[in-house]
Amino acid sequence: FINFYLRRIRRLIPSLIFTILIAYVISYFIFLPEDFINFKNSILYTVFFVGNIYFWKTNDYFSPSTDISPLSHLWSLAIEEQFYLFFPLLIFFIRKNNFLYKNIKSILLLSVFFSFIYTVAEFYHLPVDCPTTNCIEVTNFYWLHTRAWEILAGVSLNLFIINREYFKNQLLNIGFILILFSFLLFDSTYR
């Protein structure tokens, strides 16, 4: 665990600090005082990798206000780090249980399925009030439990095709093609 987390820290923290410092300097000169205060508030949440929750409470990612929130794009980093905090611990406990460990691929696939269904079915079951009018859409965008299926799909692919270079390259090509098609097929009416 320690080596895993140290690698993550070495890889992410320098870039994160650099990004925050550059954004701070630029924001200091171009933002109005109220916008600069909001920016400074977002720094603390971003550094502790809960920026997704802060932006969920304060900023509808689908609104123009996102344009004056320089750290709002770091919501996805918060989700990744929350996942990296909980997932290794979950795997550790699964390995301790023989039945769960033998069925780990099935558990991952079921987790992908249920997280995806939860998101698509547009449930809202958080113990806090939603801060926006388009609550489900914004919550599905910002929270770990609604994004878990995406990350777990990657984990599942890694388990099923590990050490098979051909499949990894083909998946990379397919992913690239899908990204290109998304630019061609989708417009502002899709969210």
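Some observations on this one:
- Whenever a residue of region 137-157 is aliphatic (A, V, I, L, M), its partners that are outside any helix (DSSP H, G or I), lying with C-beta atoms within less than 6 angstrom and at least six residues away or across chains, give the pairs 138/60; 138/132.
- Every residue from region 20-40 that is assigned to a helix (DSSP H, G or I) and either within 14 Å of residue 75 (Cα to Cα) or among the aromatic types (Phe, Trp, Tyr) (or both): 20, 24, 28, 29, 36, 39
- Residue ID - surrounded by the most Cβ atoms within 10 Å (Cβ to Cβ), chosen from residues in region 1-19 that are of a type in the set (Phe, Trp, Tyr) and assigned to a helix (DSSP H, G or I): 5
- Whenever a residue of region 5-20 is modelled with pLDDT under 90, its partners that are part of a helix (DSSP H, G or I), lying with C-beta atoms within less than 7 angstrom and at least six residues away or across chains, give the pairs 8/84.
- Close pairs from region 82-94: first within 14 Å of residue 4 (Cα to Cα) and modelled with pLDDT of 90 or more, partner among the β-branched types (Val, Ile, Thr) and surrounded by 13 or more Cβ atoms within 10 Å (Cβ to Cβ), Cβ under 7 Å, at least 6 apart: 83/151
- Candidates in region 27-36 are the residues that are open to solvent by 90 Å² or more (accessible area, probe 1.4 Å) and of a type outside the set (Phe, Trp, Tyr); of these, the one that is nearest to residue 93 (Cα to Cα) is 34.
- Within region 37-51, considering residues that are over 16 Å from the mean Cα position of the chain (by Cα) and either open to solvent by 50 Å² or more (accessible area, probe 1.4 Å) or of a type in the set (Asp, Glu) (or both), the one nearest to residue 4 (Cα to Cα): 44
The values are calculated or read from the model by the stated rules, or taken from the named source; none is laboratory data. Because the structure is a prediction, the values reported are computed rather than measured. Cβ: placed from backbone, ideal geometry, glycine included. Neighbour counts: every protein chain shown. Note: areas computed on protein heavy atoms with side chains; ligands, DNA, RNA excluded. Shrake-Rupley method; radii C 1.70, N 1.55, O 1.52, S 1.80 Å.
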